[in-house]
Amino acid sequence: MPTAASTFAEDTDNLYFFITALDTLFFVLIMGAMGYFMWKYRRRSKDQKTSSITHSGVIEFLWSAIPTVLLLVVFIWGECDFVRQSVAPADPLEVRVTGQKWYWTVEYPKYPGVSLNSSTEEPALTLMVPKGKPVRLTMTSTDVIHSFFVPAFRVKRDVVPGRYTQIWFEATRIGEFNLFCTEYCGDFHSNMTGVVKVLEPDDFERELIKAGVLTQEEGESMAAYGERIYKRRGCVACHSVDGADGTGPSWQGLYGRTESLSDGTTVKAEDQYIKDSIYEPNKQVVAGYAPQMPSYQGQLDNEQVTAVIEYIKTLK
Amino acid sequence: MADAHSTESNYLTATTGLKSWLFTLDHKRIGLMYLVGVLVFFLAGGVFALTLRTELLTPQGGDFISATTYNKMFTLHGAVMVFLVIIPSVPAALGNFLLPLMLGAKDVAFPRLNLLSFWIYTLGSMFFLFTLAAGQLDTGWTFYTPYSNTTGTAVISATFGAFILGFSSILTGLNFIVTVHKMRAPGMTWNKMPLMVWALYSTAVIQVLATPVLAITLLLLIVERTLMIGIFDPAMGGDPVLYQHFFWFYSHPAVYIMILPGFGIESELIAVHSRKHIFGYKAIALSSVAIAIISFVVWGHHMFVSGQSELAGIVFSFLTFAVAVPTAIKTFSWVATLYKGSIEFNTPMLYGLMFLFTFSIGGLTGIFLGALSVDVHLHDTYFVVAHFHYVMMGGTIIAFVGGIHHWWPKMFGVMYSEKWGKISALFIFVGFNMTFFNQFLLGQQGMPRRYWSYAPQFQQQHILSTVGGYLLLVGFMIIAIYLVHSLRNGEKVGPNPWNAQSLEWTATASPPIEHNFHGQPRVENDPYNFPEIDRTGSSH
């Protein structure tokens, strides 16, 4: 099993090892009996006599009853752990998770303005939690079903459009752990991964705000700030900057280009069109692309949109 | 007596010409045509699988195929293997050939319906493949909404394709049920039927009862699309998880449609080649029926983390363990049959023993997945992939290959090369375990399924798995070569080369005559009453 980093991990692993031991025992018994019979009763002569035994009530009862009891033990054990994992303790740290093709957005109601995104390019910092404090994730999807899986925590739950699902956990180990999407969601399903970082409770707030609030840094150009937004706010999932075709049009050479739209009209891609496309993406869709981009209204402010436009201008 | 038949024409030579095959009402010819179809699709499904495995040699995606191609390939692999290969493999191909022969009947109850079901299968598989290819379907064989809604109307046509194929299974199932009830030879009571017949019968019951659910799902999908009533699509207020309930309500019983016939073959292989009466006949027969019933109420174990209620999860977990018990009973009974037998290690028996090894692993690893808390970790990882390949391939396909070798001399009157049979069995045993055992380890380490690229730490096991896949290819190629070779050059065999006791061996020639039997066979003994059994010093 992978590194154990939550309070559930030990419970789950104990049952996992119990079943492994049980299975190994039964497998050795079955294969041992089979191997022994294969050797002992191999055909030595053509008319070798065989036993007339056809059944045995006692043996058949035993090999029905013993597995039944053992399976009941496994059922109850798994059920108890599962129930415990279904009910979060009072006053957890609340986190909102949104899945969409093909990245995760993580927000903290307690820390407005903080937002973390995974990236399809590389495993990026996606979720930060303090060690030793229960955390509850309330999750939903804006498009198709995804599934939130952190192997080190032994937690997994589908993230379903149109409803909220919840999981909770308490991290027990400082470090960085893998986050995977485990419900098939299309082309870049296998890139919908991220990094979960567990921090000391004292460092948590400071580090979270440092990582989760996106502001222009001192001496940073608008275009460079725009590039950070492009990478951190999910644009990169669908729009390339090297001319490669993606789920959406590439940004290379976009600024000033005349685009044909799906309704037959054309538009020149300048500041106003780009801004409109970020806030109301499905109003003027470029011909040949599906209207499936989510709106960034409320997620990117005016200044950030301007930075993105400045960045696009540099992509000749 | 049976020797007298050998000079006269058999079902293969009785009539000639393409039409005599395409419009035949002979269950044996229909069975053979199914067999050819199934094997062709098996080759195609295997090629898709090896394409996937080749891409997975390296962690980064794209050094062999693109993500889009990869996703279409695993959809094709899963859909073809499930709907076109495993479901019809044993019942429609071997079952059609064997059922009337084993019962001592001239044909199935409704020969015309049988031909119709073959044609529906043929047309259905064409339609299904066309849909998958033309619709660029990349949803996986499960067609989960709402993802499948984003691929045009492909989900409707794919479900329709599965339904057409399902209709063919319904007709075959109905035919088999009536045949078993009405056409058993005089003297063949229910307790004297070969266990293969019990397995085919239980399967037929599931086919008839479960497949209509596909039609209901299809109807709901169409209603949603045309009347814009939100049923599965969250954009219209529907619930995508409801689709999963419908899908698995059919597809979980379908898992038993796939494995029960394999159990039937296993019983025949083990008993005949160890010259022993099958141990616990009644337990094996009734456990098939028990599995058929319980299989209808375990579908929710595919959905422990889907957002279904915790209570539902608990109930489904309990029922899942309940279905494990009859399966365990069968396995123990097969091993016990070997006790004090006279075991011959010929090719069919090697597959029978291989089945016990691989299917035991498949069954035992199901316990991990039935346990709620452990399943949360393992769900949708390679552990699940490994588990169902050990059951579907290590169970059904291994039994199917064993069955082909066991009944090959009956079907064609010739024997294949025993030496090459053993060599290829070794390739398949090593290749299979190398491909899939690693995947348990990958899965418990957290490697999710349906990934085109993956974290570098998983590479070593992926390489082993791919090499295993190629060994499997070699094994199956060897089988294909020596079986085809045997058709012309194989040694001719008599009616009963294994000295088995069921009617398909004792009462007709190899290959059988067109109408199966010269007279009406009668049954006095049970089918596992071998002459080697020592009745004098009865240990019982």
- Computed [θ] at 222 nm, helices only, for chain B once each DSSP H run of length n ≥ 4 contributes -39500 (n - 2.57): -21000 deg cm²/dmol
- Task: Taking the Cβ of each residue in B:V208, A:V144, A:V74 as the centre, tally the other Cβ atoms inside 10 Å and list the residues starting with the fewest.
- Result: B:V208, A:V74, A:V144
- Note on the structure: With 0.36 nm assigned to each residue of separation and the Cα-Cα distance removed, B:L209 to B:E524 gains 110.0 nm
- Task: Return the whole-Å distance between the Cα centroid of segment B:24-99 and the Cα centroid of segment A:185-229.
- Result: 44 Å
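What does the charge count near B:G313 come to, summing +1 for each Lys or Arg and -1 for each Asp or Glu among other residues with Cβ under 11 Å from its Cβ?
On the way: positive: none; negative: A:E79, B:E310, B:D375.
Counting the neighbours of B:G313, the net charge comes to -3.
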- Message: Just want the ordering: A:K275, B:K19, B:K340, from fewest to most Cβ atoms lying within 10 Å of their own Cβ.
- Response: B:K19, A:K275, B:K340
- Pairing the Cα long axis of helix B:111-134 with the longest principal axis of chain B, what angle in degrees results, from 0 to 90 and rounded to the nearest 10? 30 degrees
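Quick one: of the DSSP bridges fully inside the protein assembly as shown, what percent are antiparallel, nearest 5?
So the antiparallel bridges in the protein assembly as shown amount to around 70 percent.
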- Item | Sites A:D202 and A:Y273, calculated FRET efficiency, Cβ-Cβ separation with R0 45 Å, nearest 0.05 | 0.45
- Query: So, in nm, how far is label A:A33 from label B:S66 when the simple model puts each one 7 Å beyond its Cα toward the Cβ?
  - Reply: 5.5 nm
- Taking Cα pairs closer than 8 Å and at least 6 residues apart, the relative contact order of segment B:294-435 in percent is 27 percent
- Could you state the angle between the C-alpha long axis of helix A:222-232 and the longest principal axis of the C-alpha atoms of chain A, as a value from 0 to 90 degrees rounded to the nearest 10? 20 degrees
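Beyond 24 Å, how much of the Cα-Cα pair distribution for segment A:93-212 remains, as a whole percent? Don't skip to the answer; put the middle values down first.
Details: 1225 of 7140 pairs.
Tail fraction, whole percent: 17.
Run through the DSSP bridge list for chain A and note the antiparallel percent, rounded to the nearest 5. Don't jump to the answer; show the numbers that get you there.
On the way: 31 of 44 bridges.
Percentage antiparallel, nearest 5: 70.
Could you state, as a whole-number percent, how many of the C-alpha pairs of segment B:383-540 are farther apart than 26 Å? Intermediate results must be reported in sequence, preceding the final value.
Numbers: 6096 of 12403 pairs.
Percentage above 26 Å: 49.
Under a Cβ-only charge scheme (Lys and Arg +1, Asp and Glu -1), can you give me the dipole magnitude of the protein assembly as shown about the Cα centre, in debye to the nearest 20? Mind showing how you got there, number by number?
Values: 56 positive and 63 negative charges, 646 e Å.
Approximately 3100 debye in magnitude.
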- If each part is reduced to its alpha-carbon centroid, segment B:486-531 and segment B:420-434 end up apart, in Å, by 29 Å
- Sequence-separation-based contact order of chain A, relative, with Cα cut under 8 Å and 6+ spacing, percent: 15 percent
- So for segment B:29-506, taking the charge dipole from beta-carbon charges (+1 Lys/Arg, -1 Asp/Glu), which of B:T226, B:F440, B:F296 sits furthest toward the positive end? B:F296
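For B:E418 and A:Y164, FRET efficiency with R0 = 56 Å and r from the beta-carbon atoms, rounded to 0.05? Intermediate results must be reported in sequence, preceding the final value.
Working: r = 62 Å, r/R0 = 1.11.
The formula returns an efficiency of 0.35 here.
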- Item | Calculated P(r) of segment B:1-152 - Cα pairs past 27 Å, % | 40 percent
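Using helices alone, what [θ] at 222 nm do you get for chain A, with -39,500 (n - 2.57) per DSSP H run of 4 or more residues, divided over all residues and rounded to the nearest 500? Provide the component values of the computation, followed by the final result.
On the way: 6 runs with 109 residues, N = 316.
Result for chain A, helices only: -11500 deg cm²/dmol.
Using the C-alpha atoms of segment B:493-540, what convex hull volume per residue, in cubic angstrom, is computed? Mind showing how you got there, number by number?
Numbers: hull volume 4.0 nm³, N = 48.
Considering the Cα atoms of segment B:493-540, their hull volume per residue is 82 Å³.
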- Query: Expressed as an acute angle from 0 to 90° and rounded to the nearest 10, what is the orientation of the C-alpha long axis of helix A:302-314 relative to the principal long axis of chain A?
  - Reply: 90 degrees
- Message: Can you sort B:F357, B:F263 from fewest to most other Cβ atoms within 10 Å of each residue's own Cβ?
- Response: B:F357, B:F263
- With eigenvalues of the C-alpha gyration tensor scaled by 5 and rooted, segment B:29-506, Å: 34, 26, 22
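What is the Cα convex hull volume of segment B:188-278 when expressed per residue in Å³? Display every interim value, and only then the final one.
Working: hull volume 8.5 nm³, N = 91.
Spread over its residues, the Cα hull of segment B:188-278 gives 93 Å³ apiece.
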- Item | Two-decimal log10 I(q)/I(0) for segment B:364-403, as the Debye equation yields it once each C-alpha is a single scatterer, q = 0.15, 0.20, 0.31, 0.33 Å⁻¹ | -0.39, -0.58, -0.96, -1.02
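Tell me, what is the Rg over Rh of segment B:159-313, with Rh the Kirkwood radius over Cα pairs?
Details: Rg = 19.2 Å, Rh = 17.5 Å.
Rg divided by Rh gives 1.09.
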- Message: Ratio of alpha-carbon Rg to the 2.2 N^0.38 Å globular estimate for segment A:1-154, to two decimals, please.
- Response: 1.72
- Message: Kirkwood hydrodynamic radius, computed over distinct alpha-carbon pairs, for chain A: how many Å, to one decimal?
- Response: 23.5 Å
- Please work out the Cα convex hull volume for segment B:237-354 and give it in Å³ per residue. 100 Å³
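Given N residues in segment A:222-314, what is Rg(Cα) / (2.2 N^0.38 Å)? Could the numbers behind the result be given before it?
On the way: Rg = 12.1 Å, N = 93, 2.2 N^0.38 = 12.3 Å.
With N residues counted in segment A:222-314, Rg over 2.2 N^0.38 Å equals 0.98.
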- Counting alpha carbon pairs within less than 8 Å and at least 6 residues apart, what relative contact order, in whole percent, applies to segment B:29-506? 17 percent
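As a test, work out the antiparallel percent of DSSP beta bridges whose residues both lie in segment A:93-212, rounded to the nearest 5. Mind dumping the intermediate values first?
Working: 26 of 39 bridges.
Bridges in segment A:93-212 are about 65 percent antiparallel.
Work out how much length B:L18 to B:L441 would gain on full extension: take 0.36 nm times their residue separation and subtract the Cα-Cα distance, in nm to one decimal. Could the numbers behind the result be given before it?
On the way: separation 423, 0.36 × 423 = 152.28 nm, distance 5.03 nm.
Roughly 147.3 nm would be gained on extension.
Can you tally the net charge around A:N14? Count Lys and Arg as +1, Asp and Glu as -1, for every other residue whose Cβ sits under 14 Å from the Cβ of A:N14. Kindly include the intermediate steps, with their values, before the conclusion.
Values: positive: A:R84, A:R154; negative: A:E10, A:D11, A:D13, A:D81.
Local charge sum for A:N14: -2.
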- Grab the beta carbon distance between A:T138 and B:L311, set R0 = 22 Å, and tell me the FRET efficiency rounded to 0.05. 0.60
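If you take the C-alpha gyration tensor of the protein assembly as shown, multiply each eigenvalue by 5 and take the square root, what semi-axes do you get, largest first, in whole Å? Spell out each step's value before the answer.
Working: eigenvalues 601, 182, 99 Å².
Equivalent-ellipsoid dimensions as semi-axes: 55, 30, 22 Å.
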- Which parts of segment B:94-126 would a label at B:H515 reach, counting a residue when its backbone N lies under 18 Å from a point 7 Å out along Cα-to-Cβ? B:100-112
- Item | For segment B:174-209 and segment A:122-183, distance of Cα centres in Å | 50 Å
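No lab work stands behind these numbers, since they all come straight from the coordinates. Everything numeric here is computed off the predicted structure, so don't read it as measured data. Cβ atoms come from the backbone with ideal geometry, glycine included; neighbour counts cover every protein chain shown.
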